[in-house]
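Colleague: I have a structure I would like to understand better, so I am pasting it below and will then ask my questions one at a time.
The values are calculated or read from the model by the stated rules, or taken from the named source; none is laboratory data. Just so we're clear, the structure is a prediction, and the values are computed from it rather than from any experiment. Using ideal geometry, Cβ is built from the backbone for each residue, glycine included, and neighbour counts are taken over all protein chains shown. The area values use the complete protein model at the heavy-atom level, side chains included, leaving out ligands, DNA and RNA. Shrake-Rupley method; radii C 1.70, N 1.55, O 1.52, S 1.80 Å.
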Amino acid sequence: IYPDPELEQQILALPIRCIHSEEGCRWTGQMKQLQGHFSTCAFNVIPCPNRCSVKLTRRDLPDHLQHDCPKRKVKCEFCGSEFTGEAYEVKTVHFVLFLSSYEYDGKMPGEKTHDVK
């Protein structure tokens with residue numbers, strides 16, 4: 001089989017829609033532009049850059065990275081240390097269990113109080 005360069009150019013110039021048009025992508029262009037569009041298409045499925053095993057659409061990535069990714073970086077509101085999301089959730093559960101073992105009066109366990117006279 002001998003490729004026909006002229007026919008190939010005609011095919012690559014055909015107008016097409018994104019393969020994600022049914023999900024909502026409104027991109028249209030020539031077939032030869034499709035690969036370039038995939039690098040920015042909000043509906044294209046990509047792996048999480050934190051390597052957490054989740055695959056999601058590019059438009060859902062910001063929310064995943066901020067709230068759901070178990071490998072996101074989270075700063076502890078109590079001690080200021082930085083943890084991954086999954087480690088922080090375990091630490092928070094342990095801390096809440098630790099606090100619930102005390103009678104909570106608004107002070108942290110071991111916290112000194114100062115009487116105001």
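Colleague: Along the range 76-81, what does the Karplus equation 6.51 cos²θ - 1.76 cosθ + 1.60 (θ = phi - 60°) give for ³J(HN,Hα), rounded to whole Hz, x for Gly and Pro?
Modeller: 5, 6, 9, 10, x, 6
Colleague: Length gain on complete extension for the stretch Ala13 to Leu56, per 0.36 nm per residue less the alpha carbon to alpha carbon distance? List each step's numbers first, then the result.
Modeller: Numbers: separation 43, 0.36 × 43 = 15.48 nm, distance 3.02 nm.
Difference between extended and current length: 12.5 nm.
Colleague: For the range 1-68, take N as its residue count and report Rg(C-alpha) divided by 2.2 N^0.38 Å. Working shown, then result.
Modeller: Details: Rg = 16.2 Å, N = 68, 2.2 N^0.38 = 10.9 Å.
Scaled against compact globular proteins, the figure is 1.48.
Colleague: Starting with the highest mean, order 67-75, 8-16, 34-42 by the number of other Cβ atoms within 10 Å, averaged over the residues of each peptide.
Modeller: Values: 67-75: 14.9, 8-16: 11.1, 34-42: 13.3.
Result, highest mean first: 67-75, 34-42, 8-16.
Colleague: Would you grab the residues whose amide H sits under 5 Å from the one on Leu56? Only those 5+ places off in sequence or on another chain, please, with H modelled 1.01 Å from N.
Modeller: Ile46, Cys48
Colleague: Continuing with this model, one more query. Rounded to the nearest percent, how much of the accessible area of the range 16-64 (1.4 Å probe, protein heavy atoms only) is carbon and sulfur? Please list the in-between numbers first.
Modeller: Details: 1690 of 3410 Å².
In the range 16-64, the share of accessible area belonging to carbon and sulfur is 50 percent.
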